[in-house]
Amino acid sequence: MSKESPKTLKTTRRAFLAAATAAFPLFTIVPRHVLAGSGQAAPSDKLSMGCIGVGGMMGGGDVDGVSGENIYALCDVDANHLGEMVKRFPNAKVYRDFREMLDKEHKNLDAVTVTTPDHMHASIALRAMERGLSVHCQKPLTQTVWEARLLTNAAKKYKVVTQMGNQGYSSEATRRACEMIWRGDIGDVVEVHSMSGGGFSRDITAWPPAEEVPSTLDWNLWMGRTEEVPYSSKIHPINWRGFLNYGSQMIGDWGIHQLGPANWALQLGRPTSVECTAVKGVNPVTFPHYSCKMEFPERPNPHVPAGKMPPVTVYWYEGDMAAAFQPPEGLTAEDVLDFNEIFVGTKGFIGTKGRGESVSLLPKARMKDYEKPARVIPRVREGHYEDFLQACKGGEPNCSPFTIGGPFTEWLLLGSICWRFPNEKLLWDGDNLRFTNNDQANEYVKPRFRKGWELENVVV
């Protein structure tokens, strides 16, 4: 686990007075797990939650998702974010450093949410799991392939409830897509195409000029495991997704949503290769526009009559490459207009949209008089967060634990490596987490840790 770093910065009185006083709650709800051994529920029958990262793009959303439980502790490196949440949860204990919160409060907690920039997901989730806490972590599960394997192994070792925040896995449309494909509605799936335009910080091609760190922000804690660099408002609080040091651009932001149906329906597992097919705008600090393809071998699938599925190629198009996407033969631009994942089968096409918002045979006219397949996957009635919370309370296992989200994140993040080696097929040995034909590419599989933030491998 990571070593202790220097003490965190003190917050300004004006920005953080309320948070400071809230560190001493008026009452305490006994964590649910305290009474679990006797077969009794906590007095409130609510989980005691710690929320790490409570602002920015999704912090508030994740807190909202678990707000029906007891919000026992809040943690954020930005006092502005904390101040807003303290108004909503005045009895919550307040922290700046997740390590301090987890070390002091883990016996008072049942579970945590992790809603920070990608580069800190693994460090926080692992520390929580080591202390016996269940973890909901935002997508992508980690920023690097090595860290994804780390959390997969940690979930197996510590046997706590885990969940990646890819809401589409809990949707009706994702389940329906799986059932359509498993029934054979479009024959054998041989290709999948997925795309996402736009992105973050694509206009930044050199490190932004240094700015004075806001008094409300602990920049050292925000950097975490990454190299020490000057603060810039162009990075925090949102645009970090486009920076190589912190995020994974659109493949991690939206690819993890859009390719969820493919990962589940096709039981993808580990690819044998990844290749960047086009790239534009390469620079030292942010992600470029690019497209890539990943090849998956024949693999078992117990949900189909044959018990296995044929090789399949998954294509990803990001930024300007998404705009240049040409529909596969047999479909028009109008046919695919409303979809950002296209399944190409030997007998037809299926399109899915966004985070599991919709699914349809393509062209849409094929849906006339279409008989839906029988439901073979249980439905999530109350949403992704509730799926996690009920699992924490002893209910049925949730649909996107780290043992699923970790391997999914692994293969997806190969795309954030391959653009550095355009038009070169990188052969991937998933068992050993390495490329067999390019040692330079292997340098990007595992992060470089700042001194004091190192993580040890987890072996199961």
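The values are calculated or read from the model by the stated rules, or taken from the named source; none is laboratory data. Just so you know, these numbers come straight off a predicted model, no measurement behind them. Positions of Cβ are backbone-derived with ideal geometry, glycine not excepted, and every protein chain shown enters the neighbour counts.
For (1) over 15 Å from the mean Cα position of the chain (by Cα); (2) free of Cβ contacts under 8 Å to residues at least 12 places away in the same chain; (3) closer than 30 Å to Phe435 by Cβ, each residue gets a yes or a no:
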{"position": "Leu109", "(1), (2), (3)": "yes, no, no"}
{"position": "Asp118", "(1), (2), (3)": "no, no, yes"}
{"position": "Ala122", "(1), (2), (3)": "no, no, yes"}
{"position": "Leu126", "(1), (2), (3)": "no, no, yes"}
{"position": "Met129", "(1), (2), (3)": "yes, no, yes"}
{"position": "Ala148", "(1), (2), (3)": "no, no, yes"}
{"position": "Leu151", "(1), (2), (3)": "no, no, yes"}
{"position": "Ala154", "(1), (2), (3)": "yes, no, yes"}
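Being part of a strand (DSSP E or B), surrounded by fewer than 22 Cβ atoms within 10 Å (Cβ to Cβ) and over 22 Å from the mean Cα position of the chain (by Cα): is that true of Val279 here? So that I can check it myself, show each step before the final result.
Values: part of a strand (DSSP E or B): yes; surrounded by fewer than 22 Cβ atoms within 10 Å (Cβ to Cβ): yes; over 22 Å from the mean Cα position of the chain (by Cα): yes.
It is true that Val279 is part of a strand (DSSP E or B), surrounded by fewer than 22 Cβ atoms within 10 Å (Cβ to Cβ) and over 22 Å from the mean Cα position of the chain (by Cα).
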Within the set of pairs 6 or more residues apart or between chains, which connect a residue that is over 14 Å from Tyr444 (Cβ atoms) and in the same structural domain as Val312 (by TED's automatic domain parsing) inside region 405-424 to a residue that is modelled with pLDDT of 95 or more and acidic (Asp, Glu) with Cβ atoms less than 8 Å apart? Asn423/Glu275
Among the residues of region 335-357, is there at least one that is touching an Asp or Glu at 6+ places or on another chain (Cβ under 7 Å), touching a residue at least 24 places away in the same chain (Cβ under 8 Å) and closer than 25 Å to Phe200 by Cα? yes
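Within region 200-258, track down each residue that is among the aromatic types (Phe, Trp, Tyr), within 21 Å of the chain's Cα centre (by Cα) and farther than 23 Å from Glu454 by Cα. Write out each step before concluding.
If we filter region 200-258 for residues that are among the aromatic types (Phe, Trp, Tyr), which is where we start, we get 200, 207, 219, 222, 231, 240, 243, 246, 254.
Restricting the remaining residues to those that are within 21 Å of the chain's Cα centre (by Cα) gives 200, 222, 240, 243, 246, 254.
If the condition is that a residue be among the aromatic types (Phe, Trp, Tyr), within 21 Å of the chain's Cα centre (by Cα) and farther than 23 Å from Glu454 by Cα, then Phe200, Trp254 are the ones that fit.
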Among what's in region 387-396 and is in contact (Cβ under 8 Å) with a residue 12 or more places away in the chain and surrounded by 11 or more Cβ atoms within 10 Å (Cβ to Cβ), pick the residue that is farthest from Gly184 (Cα to Cα). Lys393
Of the criteria (1) under 25 Å from Glu172 (Cα atoms); (2) over 24 Å from the mean Cα position of the chain (by Cα); (3) surrounded by 14 or more Cβ atoms within 10 Å (Cβ to Cβ), which one Leu337 fails: (3)
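Can Ser44 be described as in a loop (DSSP other than H, G, I, E, B), among the hydroxyl-bearing types (Ser, Thr, Tyr), under 24 Å from Glu382 (Cα atoms) and at pLDDT below 95?
Details: in a loop (DSSP other than H, G, I, E, B): yes; among the hydroxyl-bearing types (Ser, Thr, Tyr): yes; under 24 Å from Glu382 (Cα atoms): yes; at pLDDT below 95: yes.
So Ser44 fits the description; yes.
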Just for region 286-314: of the residues that are of a type in the set (Val, Ile, Thr) and assigned to a strand (DSSP E or B), which one is surrounded by the fewest Cβ atoms within 10 Å (Cβ to Cβ)? Thr313
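Has region 358-372 got at least one residue that is of a type in the set (D, E, K, R), in contact with a His (Cβ under 7 Å, 6 or more places away or on another chain), touching a residue at least 40 places away in the same chain (Cβ under 8 Å) and in the same structural domain as Arg241 (by TED's automatic domain parsing)? Step through it out loud before you land on a result.
Taking region 358-372 as the starting set, the residues that turn out to be of a type in the set (D, E, K, R) are 364, 366, 368-369, 371-372.
Filter once more, so that each one left must be in contact with a His (Cβ under 7 Å, 6 or more places away or on another chain): none.
For region 358-372, residues of a type in the set (D, E, K, R), in contact with a His (Cβ under 7 Å, 6 or more places away or on another chain), touching a residue at least 40 places away in the same chain (Cβ under 8 Å) and in the same structural domain as Arg241 (by TED's automatic domain parsing): absent.
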